[in-house]
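*Asks:* Mind having a look at this structure? Questions to follow.
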Amino acid sequence: MTAIEMKPPVLTVGPLAWVRKNLFSTWYNVALTLLAIGLLYALLKPAWLWATTEARWGVIEANLSLFMIGLYPREQVWRIWLTVFMLAGLIGFSWGVWKIAARGFALIALGAGAAFVLISLYFQWDVWTQWLVADFILLVFYFIGLRLRRGVLFATLGWLLYFPIVFLLVSGSKYIASLPPVPSNLWSGLLLTLLLTIVGNFGALPLGILLALGRRSKLPIIRYFSIGFIELIRGVPLVTILYMASVLLPYFLPIDVRPDNVARAMIGLIIFEAAYQAENVRGGLQAIDRGQYEAAQALGLSGAQTTILIILPQALRAVIPALFNSFISLFKDTSLVAIIALFDVVRISRSILAQTEWLGTHREVFLFAFIIYWAFNLAFTYGSRRMEEALGVGKR
Amino acid sequence: MNIKAFWRDIRFLNILAQAVFIVALVLAALYLYRNVSANLARQGLTVGYGFMKNPASFDIGESFISYDPSNTYGRALLVGVVNTLVVSALGIVLTTIVGVAAGVARLSSNWLINKFAAAYVGVIRNTPLLLQLMFWYFGVVIQLPRVKEAIELPGPIYLTQRGIYIIWAEATSTFPAWRVYIILAIISIFVIWFALRSAQNRASVPLSLWWSLAYLLIPVLIIWFGALIQPEPPLKPIVPELAGLNFRGGLRLTPEFAALLFGLVVYTGAFIAEVVRAGIQAVSRGQVEAARSLGLTNSQTLRLIVFPQALRIMIPPMTSQYLNLAKNSSLAIGIGYPDLFSVAGTTFNQTGAVIEIVVIMMLSYLSISLFTSLLMNVYNRRIQLVER
């Protein structure tokens with residue numbers, strides 16, 4: 001074989017090659033790159049100038065606790081911290097028990113806690129100790145979870161009990177002296193947003209499953225009722241449903257039953273979310289092979305047994321990603337309760353803007369509210385994606 | 001054990017289950033009806049649509065049909081419906097453009113463009129629309145400079161805190177005479193379309209792209225012929241001009257409308273970008289490779305192979321994004337644009353006719369949703385793959 005003379009190959013590694021390949025490969029890519037740089041410059045320069053000179057970020061620091069817990073009585077704040085600590089413990093414990101599946105959420109929580117410690121230290125807020133304690137609890141429970149036998153049982157029980165306990169802690173009770181009741185009109189800020197998200201999602205799941213089963217039922221009346229309900233709810237905006245829940249619902253209840261504003265909003269959110277989750281679950285039900293039904297029948301299981309023991313577990317597993325997505329979108333959608341006069345993050349932002357010393361700080365306040373939603377969603381998406389990967393759901 | 005007993009017969013059980021369900025529904029409805037009538041009686045309210053004929057006596061900030069406070073509630077609600085329809089229809093058109101552009105940018109091999117689109121989609125999709133609308137309205141639109149220091153964009157378009165002024169067109173005196181030519185031009189387009197389609201059906205190879213120019217050329221010729229005969233063009237531009245404290249002429253978008261439209265377009269565009277990206281990525285690589293091996297060029301591959309298939313995948317999720325946009329326009333109340341929801345809310349506050357208002361509201365949104373999905377379903381059926 002004779003040696004063929006070849007030119008040295010074009011540089012394919014290193015920053016210069018990367019730039020050439022990804023930014024300036026063709027003439028139109030050059031144009032696009034220049035256009036993008038120009039656009040970025042035009043957008044970022046005034047934004048940066050504004051953020052560093054003109055913006056009055058003091059409004060955020062002065063009102064941080066309003067954003068987080070709103071009007072919740074300040075002497076009762078320890079209850080909120082208690083729910084945070086319990087959450088940290090549960091997350092750590094789940095990490096220890098379920099290992100890789102819960103690791104994404106655990107790492108996010110750990111990182112968020114550490115970030116809050118650093119931020120608080122930087123601004124010299126005294127809450128840094130609480131966040132440090134939360135991180136510490138998380139790690140301690142991680143090791144407990146690693147060692148403990150029958151951890152899965154305890155972790156499941158813990159999560160099932162957690163939400164009722166949070167509800168009790170936040171709302172308080174007449175019968176417990178150390179937990180005086182906090183009326184729901186004081187639940188506000190991020191606290192209210194999170195409560196509504198959790199109640200809306202978990203409250204809607206049973207109803208959504210029933211509706212999905214109803215929609216796939218062979219009985220025409222039940223099927224058409226489910227279809228009608230789902231399509232009615234999905235055809236109208238959430239605002240109208242919340243409006244209905246807040247204005248019309250009291251008319252449908254007995255004269256002496258008057259749920260408060262927050263409870264009415266929760267009912268509205270549950271009804272709304274149920275219709276959407278029903279469609280998610282229906283997707284899972286449709287994905288199940290006929291063979292599963294036939295095998296269950298061959299084993300002599302009744303219809304109800306087939307559904308509960310064979311079909312639903314597989315269907316729900318298949319739709320975990322969709323349920324995570326609807327969790328996130330409901331988190332965003334809870335902002336609409338601001339329209340029916342509930343003080344969630346959005347409405348709290350509006351009320352902060354009404355303070356006389358912070359007039360005209362719309363951009364600062366709304367940007368901070370953006371960051372709250374965005375950071376939370378990002379963290380949740382990261383955690384749920386790691387969990388989906390570990391469980392291998394939604395793939396097959 | 002008597003296996004033929006009727007209570008073991010699945011047909012009987014099915015009927016029984018449905019009968020029980022109906023009875024439960026009727027009982028629940030009766031219970032609710034009793035509560036409603038008790039509550040209404042206690043407040044001294046009656047149900048009926050008589051109030052629709054009473055004068056509304058509240059003003060509506062902007063309206064695309066004539067309205068003044070002496071008009072009836074029915075008229076006021078109609079104004080709200082029209083406002084919702086206008087912002088939704090405009091929004092759907094604009095958001096498609098934004099979304100497709102962002103979706104294609106998301107697939108660009110250009111790193112900067114790609115990341116730019118990714119940042120847009122990531123930020124917009126993860127924050128609530130209501131907050132975005134408030135940001136655009138309170139943080140941007142009403143903080144624009146005063147009329148005297150208006151920002152001028154090419155067009156000209158003037159951005160001011162009193163609204164956005166856009167160059168617009170006005171019918172001239174010859175407009176009626178021009179209609180003939182315009183109608184002729186439109187008819188010619190249809191004729192060409194039919195002719196080309198039947199020619200295409202008979203030919204074995206795709207017609208060359210040049211034939212498509214006929215679409216442009218013949219209507220242009222007709223219009224040109226009109227221009228030779230008529231003394232004046234049918235439309236003349238009206239440029240907004242500063243006159244005293246305000247602009248005169250041109251089209252004015254109120255700050256509320258501008259913020260709402262912009263917010264809805266930007267928000268839905270991010271979702272459509274993901275739909276477009278997923279649709280294009282879902283076309284299997286083999287299709288592209290097959291097209292290449294048949295000798296199609298890059299643009300032919302995109303136009304003839306990838307895009308038609310991606311479109312089929314994209315239409316259903318696109319439909320639901322359009323529906324979302326129409327439904328999300330109800331957030332207009334957060335920034336004071338008088339859409340259906342906000343007008344209905346005011347009407348309720350004044351009349352107390354809660355049930356009637358909710359029914360009107362629900363029915364209006366439902367019919368908008370149903371009509372949109374009907375249109376999209378018809379379109380969907382047309383472009384679906386016809387299999388043997």
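*Asks:* Quick one: which strands (runs of 3 or more DSSP E) lie wholly within region B:143-197 and hold at least 2 residues that are modelled with pLDDT of 80 or more and not aromatic (Phe, Trp, Tyr)?
*Replies:* Details: elements: B:151-153, B:157-160, B:163-166, B:168-171.
Correct list: B:151-153, B:157-160, B:163-166.
*Asks:* Sort through B:Leu32, B:Leu40, B:Leu45, B:Leu107 and tell me the only one that's within 14 Å of chain A (Cβ to nearest Cβ) and modelled with pLDDT under 85.
*Replies:* Working: B:Leu32 fails: modelled with pLDDT under 85; B:Leu40 fails: modelled with pLDDT under 85; B:Leu107 fails: modelled with pLDDT under 85.
None of the other options fit; the residue is B:Leu45.
*Asks:* Name the residues in region B:331-388 that are charged (D, E, K, R) and closer than 20 Å to B:Glu256 by Cα, would you?
*Replies:* Step one: filter region B:331-388 for residues charged (D, E, K, R), giving B:339, B:356, B:381-382, B:387-388.
The one that is charged (D, E, K, R) and closer than 20 Å to B:Glu256 by Cα: B:Asp339.
*Asks:* Would you check if there is a residue in region B:6-23 being away from chain A (no Cβ under 14 Å), in contact with a Pro (Cβ under 9 Å, 6 or more places away or on another chain) and not hydroxyl-bearing (Ser, Thr, Tyr)?
*Replies:* Residues of region B:6-23 that are away from chain A (no Cβ under 14 Å), as a first pass: B:6-7, B:9.
Remaining after also requiring in contact with a Pro (Cβ under 9 Å, 6 or more places away or on another chain): none.
Checked against the condition, which is being away from chain A (no Cβ under 14 Å), in contact with a Pro (Cβ under 9 Å, 6 or more places away or on another chain) and not hydroxyl-bearing (Ser, Thr, Tyr), region B:6-23 yields no hits at all.
*Asks:* Looking at region A:211-226, which of the residues that are of a type in the set (A, V, I, L, M) and more than 7 Å from chain B (Cβ to nearest Cβ) is surrounded by the most Cβ atoms within 10 Å (Cβ to Cβ)? I'd like the intermediate steps shown before the answer.
*Replies:* Our first condition is that a residue be of a type in the set (A, V, I, L, M); within region A:211-226, this holds for A:211-213, A:219, A:221-222.
Now restrict to residues that are more than 7 Å from chain B (Cβ to nearest Cβ): A:211-213.
Details: A:Leu211: 24, A:Ala212: 26, A:Leu213: 19.
Here the answer is A:Ala212.
*Asks:* Here's another thing I want to ask about it. From A:Leu232, A:Leu242, A:Leu238, grab the single residue that is surrounded by fewer than 17 Cβ atoms within 10 Å (Cβ to Cβ), under 27 Å from the mean Cα position of the chain (by Cα) and within 12 Å of chain B (Cβ to nearest Cβ).
*Replies:* When all the criteria are applied, what remains is A:Leu232.
*Asks:* What's the number of the condition B:Asn83 fails, among (1) of a type in the set (S, T, N, Q); (2) assigned to a helix (DSSP H, G or I); (3) within 14 Å of another protein chain (Cβ to nearest Cβ); (4) within 29 Å of B:Tyr365 (Cβ to Cβ)?
*Replies:* Among (1) of a type in the set (S, T, N, Q); (2) assigned to a helix (DSSP H, G or I); (3) within 14 Å of another protein chain (Cβ to nearest Cβ); (4) within 29 Å of B:Tyr365 (Cβ to Cβ), B:Asn83 violates only (3).
*Asks:* Determine if region A:287-307 includes at least one residue that is in contact with a Lys or Arg (Cβ under 9 Å, 6 or more places away or on another chain), over 30 Å from B:Ala38 (Cα atoms) and buried (at least 17 other Cβ atoms within 10 Å of the Cβ).
*Replies:* no
*Asks:* Report yes if A:Gln292 is without any contact (Cβ under 8 Å) to a residue 12 or more places away in the chain and out of contact with any His (no Cβ under 9 Å at 6 or more places or on another chain), otherwise no.
*Replies:* So A:Gln292 does not fit the description; no.
*Asks:* Taking the condition at the interface with chain B (Cβ under 9 Å from one of its Cβ atoms), surrounded by fewer than 19 Cβ atoms within 10 Å (Cβ to Cβ) and either touching a strand residue (DSSP E or B) at 6+ places or on another chain (Cβ under 9 Å) or among the charged types (D, E, K, R) (or both), does A:Arg363 pass? Don't jump to the end; show me each part of the working.
*Replies:* Values: at the interface with chain B (Cβ under 9 Å from one of its Cβ atoms): yes; surrounded by fewer than 19 Cβ atoms within 10 Å (Cβ to Cβ): no; either touching a strand residue (DSSP E or B) at 6+ places or on another chain (Cβ under 9 Å) or among the charged types (D, E, K, R) (or both): yes.
No.
*Asks:* Filter region A:298-351 down to the residues that are at the interface with another protein chain (Cβ under 10 Å from one of its Cβ atoms), over 21 Å from A:Asn185 (Cα atoms) and over 16 Å from the mean Cα position of the chain (by Cα) and list them by number.
*Replies:* A:Gly303
*Asks:* For region B:30-64, how many residues are under 36 Å from the mean Cα position of the chain (by Cα) and assigned to a helix (DSSP H, G or I)? First the steps, then the outcome.
*Replies:* Let us first name the residues in region B:30-64 that are under 36 Å from the mean Cα position of the chain (by Cα), namely B:47-64.
Checking the rest, the ones that are also assigned to a helix (DSSP H, G or I) come to B:50-53.
So the answer is 4.
*Asks:* A further question on this structure: Taking B:Ile355 as meeting all but one of (1) under 17 Å from B:Gln321 (Cα atoms); (2) facing another protein chain (nearest Cβ under 10 Å); (3) touching a residue at least 60 places away in the same chain (Cβ under 8 Å), write down the number of the exception.
*Replies:* (1)
*Asks:* Would you mention how many residues in region B:251-278 are in contact with a Phe, Trp or Tyr (Cβ under 7 Å, 6 or more places away or on another chain) and farther than 23 Å from B:Asp339 by Cα?
*Replies:* Total meeting the criteria: 1.
*Asks:* What's the number of the condition B:Arg248 fails, among (1) exposed (fewer than 12 other Cβ atoms within 10 Å of the Cβ); (2) at pLDDT below 80?
*Replies:* (1)
*Asks:* Further question: For region A:250-259, which residues satisfy the criterion of being at the interface with another protein chain (Cβ under 10 Å from one of its Cβ atoms) and either β-branched (Val, Ile, Thr) or under 27 Å from the mean Cα position of the chain (by Cα) (or both)? Explain how you work it out, then say what you get.
*Replies:* Pass one, region A:250-259, residues at the interface with another protein chain (Cβ under 10 Å from one of its Cβ atoms): A:250-255, A:257.
Correct list: A:Ile255, A:Val257.
*Asks:* While we're on this one: Could you please give the count of residues in region B:326-348 that are surrounded by fewer than 23 Cβ atoms within 10 Å (Cβ to Cβ) and more than 10 Å from every other protein chain (Cβ to nearest Cβ)?
*Replies:* Of the residues in that region, 3 qualify.
*Asks:* So, in region B:116-136, of the ones that are out of contact with any Phe, Trp or Tyr (no Cβ under 8 Å at 6 or more places or on another chain) and facing chain A (nearest Cβ under 9 Å), which residue ends up surrounded by the most Cβ atoms within 10 Å (Cβ to Cβ)?
*Replies:* Filtering region B:116-136 for residues that are out of contact with any Phe, Trp or Tyr (no Cβ under 8 Å at 6 or more places or on another chain) and facing chain A (nearest Cβ under 9 Å), the one surrounded by the most Cβ atoms within 10 Å (Cβ to Cβ) comes out as B:Leu130.
The values are calculated or read from the model by the stated rules, or taken from the named source; none is laboratory data. No experiment lies behind these values; they were computed from the predicted model shown. Quick reminder, even Gly has a Cβ in these numbers, built from the backbone with ideal geometry, and neighbours come from all protein chains shown.
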